[in-house]
Amino acid sequence: MVEFGAAVLGALAYFVRARPVFAGILPERHKYEQLLVICVLVLVVGCAAVLAGARRA
């Protein structure tokens, strides 16, 4: 569920990247560079969630 939430939040961040909430986080670059940053963050959160879940089991 954490990975799905991160992916949905990443998609939302890309579509509303001009809003002040996300504009402060994302670099002021081309939209594809912003998308790259969002994708890397989603991958990091997803991997961290999988590793945290693997330690519990």
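Things to note:
- Ranking of Tyr14, Tyr32 by neighbouring Cβ atoms within 10 Å, starting from the fewest: Tyr32, Tyr14.
- Shape call, the chain: gyration tensor on alpha carbons, a/c limit 1.5: prolate
- Phi-based couplings in Hz for region 42-51 (Karplus 6.51, -1.76, 1.60; Gly and Pro marked x): 5, 5, 5, 5, x, 5, 4, 5, 5, 5
- Angle in degrees between helix 2-15 and the longest Cα principal axis of the chain, rounded to the nearest 10: 0
- Extension reserve of the Leu51-Tyr14 stretch, reckoned as 0.36 nm per residue once the Cα distance is removed: 10.7 nm
Taken together, the values in this text are just the output of simple stated rules run on the coordinates, not laboratory data. Since we're looking at a predicted model, the values are computed, not measured. Positions of Cβ are backbone-derived with ideal geometry, glycine not excepted, and every protein chain shown enters the neighbour counts.
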